[in-house]
Amino acid sequence: MKVAIVHEWLDTYAGSERVLEQMLAVFPEADLYALCDFLPESERGFLGGRTPRTTFIQRLPFARRRFRNYLGLMPLAIESLDLAGYDLVLSSSHAVAKGAITGPGTVHIAYVHSPMRYAWDLQAQYLRESGLERGIKGAYVRWLLHRLRLWDQASAARPDAILANSSYVAERIRKAWRREAEVLHPPVDTEAFSVGTEPRTHYLVASRLAPYKRVDLVVAAFRHMPGRRLVVVGDGPQRAQVHAAAAGAPNIDLRGHVPRSELVRLMRTARAFVFAAEEDFGIALVEAQACGTPLIAFGRGGARDIVRTPETGAEPTGILFAEQSVEAIVAAVERFEAEASRFTPHACRANAERFSIARFRQGLRDAVARHLAHA
């Protein structure tokens with residue numbers, strides 16, 4: 001069987017690249033395609049020596065640093081890939097990869113991390129945070145996003161099957177594209193984490209300090225709980241706001257960026273991992289569970305797939321709160337403390353195994369076999 005894997009772009013080893021790594025492990029003989037490849041040499045190990053076949057985006061002026069500025073050309077670029085002669089095409093898509101064109105003899109399965117959020121449900125937030133709500137440049141970006149939405153919806157008909165990384169993303173696919181998607185959760189390296197025996201002394205937030213992560217809300221909530229210690233790991237554009245929210249609170253410890261080993265230690269010794277963002281999935285939540293650590297998370301997005309609450313009937317692994325507010329976070333922490341004995345490290349670790357690398361690989365093999373059989 002001749003297989004091609006189509007990835008968006010390669011410039012760093014992050015969440016979607018972890019999925020690509022496992023696709024390559026399942027189909028080691030596959031040819032790899034990408035819009036462009038500017039991955040540093042130090043991060044190329046997961047490609048196993050492969051050199052991706054790229055598009056004209058690779059050769060455009062200043063593309064190495066500013067290839068995202070060519071977003072308007074990316075639909076044309078992905079459609080320029082010659083995928084004739086392949087029996088199976090797998091695309092890993094959060095922007096345009098699922099729009100690759102295949103022939104009638106090819107089965108195309110798209111793994112979708114998210115529809116383009118900046119073009120769909122988060123357009124207003126994207127324009128606001130980018131300072132593009134008004135003016136000529138803002139009008140141009142609105143026109144460009146309108147054109148991208150039209151192409152995005154039309155090209156969503158091309159894959160024979162769509163795999164979504166969470167139930168939340170499947171809902172967004174249904175809303176934006178009017179397509180049904182199967183859920184296959186992304187792979188998490190649960191073997192890199194273990195349950196500790198050290199005392200659990202603090203609550204933990206580990207996140208990029210971006211506005212939508214709502215770390216400022218968590219910090220504000222713990223100002224109302226001076227008897228409970230909060231450790232915040234991460235840096236980003238909202239650093240000043242988070243530090244201002246924590247000013248003068250001796251129970252809040254802002255660490256900034258820490259080495260991976262220290263982050264794992266903080267996860268293993270946390271009473272609970274607190275998460276206030278609305279994410280498509282939330283790999284950090286699974287990593288915390290793999291350390292035996294319960295979750296206190298906002299009850300929208302991928303967290304609904306991960307957290308087993310006391311209401312589910314299964315052994316609970318965390319609590320969901322219904323709104324992004326200081327009051328809701330305080331109430332969730334107090335509820336957790338009242339029921340803390342119900343959340344065991346064993347249950348949390350067992351829950352994390354539902355999202356292991358082995359589970360993802362088997363789920364991908366099963367999906368491919370099922371759709372090839374019906375081709």
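Candidates Val231, Val205, Val195: the one that is over 16 Å from Ala277 (Cβ atoms), part of a strand (DSSP E or B) and either of a type in the set (Val, Ile, Thr) or free of Cβ contacts under 8 Å to residues at least 12 places away in the same chain (or both) is Val231. So Gly292 clears everything in (1) touching a Phe, Trp or Tyr at 6+ places or on another chain (Cβ under 7 Å); (2) closer than 24 Å to Pro187 by Cα except one condition, right? Which one? Answer for Gly292: the failing condition is (1). Scanning the stretch 336-349 for residues that are surrounded by fewer than 18 Cβ atoms within 10 Å (Cβ to Cβ) and in contact with a helix residue (DSSP H, G or I) (Cβ under 9 Å, 6 or more places away or on another chain) turns up Glu339, Arg342.
Looking at the stretch 208-223, which of the residues that are part of a loop (DSSP other than H, G, I, E, B) and either among the small types (Gly, Ala, Ser) or under 29 Å from Ala347 (Cβ atoms) (or both) is nearest to the chain's Cα centre (by Cα)? Top of the filtered list is Arg208. Could you give me the residue pairs with C-beta distances under 7 Å whose first residue belongs to the stretch 39-64 and is of a type in the set (Phe, Trp, Tyr), whose second residue is in a loop (DSSP other than H, G, I, E, B) and crowded, with 18+ Cβ neighbours inside 10 Å wherever it lies, and which are 6+ apart or on separate chains? Final answer for the pair search is Phe46/Tyr13.
A residue that is within 24 Å of Thr344 (Cβ to Cβ), part of a loop (DSSP other than H, G, I, E, B) and touching a residue at least 12 places away in the same chain (Cβ under 8 Å) cannot be found anywhere in the stretch 236-246. Scoring Leu32 on the criteria (1) without any contact (Cβ under 8 Å) to a residue 40 or more places away in the chain; (2) part of a helix (DSSP H, G or I); (3) within 24 Å of Asp280 (Cβ to Cβ) leaves a single failure, condition (2).
Taken over the stretch 184-216, the residue count meeting the criterion of being crowded, with 17+ Cβ neighbours inside 10 Å and of a type in the set (S, T, N, Q) is 2.
Can you find a residue in the stretch 130-143 that is surrounded by 13 or more Cβ atoms within 10 Å (Cβ to Cβ) and touching a residue at least 24 places away in the same chain (Cβ under 8 Å)? Scanning the stretch 130-143 turns up no residue that is surrounded by 13 or more Cβ atoms within 10 Å (Cβ to Cβ) and touching a residue at least 24 places away in the same chain (Cβ under 8 Å). Among the residues of the stretch 291-324, the one identified as crowded, with 20+ Cβ neighbours inside 10 Å and of a type in the set (Lys, Arg) is Arg308. All of (1) surrounded by 14 or more Cβ atoms within 10 Å (Cβ to Cβ); (2) closer than 27 Å to Asp189 by Cα hold for Thr51 with one exception: (1).
Is the stretch 235-250 home to any residue that is basic (Lys, Arg), modelled with pLDDT of 95 or more and in the same structural domain as Glu198 (by TED's automatic domain parsing)?
Checked against the condition, which is being basic (Lys, Arg), modelled with pLDDT of 95 or more and in the same structural domain as Glu198 (by TED's automatic domain parsing), the stretch 235-250 yields no hits at all.
The numbered conditions (1) closer than 21 Å to Val232 by Cα; (2) out of contact with any helix residue (DSSP H, G or I) (no Cβ under 6 Å at 6 or more places or on another chain) are all true for Ile319 except (2).
If Ile57 passes every condition in (1) at pLDDT 95 or above; (2) closer than 18 Å to Leu163 by Cβ but one, which one does it miss? In the conditions (1) at pLDDT 95 or above; (2) closer than 18 Å to Leu163 by Cβ, Ile57 misses (2) alone. Of a type in the set (Asp, Glu) and closer than 20 Å to Val368 by Cβ: which single residue out of Glu41, Glu21 fits that description? The match here is Glu21.
Given Leu372, Leu364, which one is in a helix (DSSP H, G or I), of a type in the set (A, V, I, L, M) and either under 20 Å from the mean Cα position of the chain (by Cα) or surrounded by 15 or more Cβ atoms within 10 Å (Cβ to Cβ) (or both)? Result of the check over Leu372, Leu364: Leu364.
The values are calculated or read from the model by the stated rules, or taken from the named source; none is laboratory data. Computed from a predicted structure; not experimentally measured. All Cβ positions, glycine included, derive from the backbone under ideal geometry; neighbour counts span all protein chains shown.
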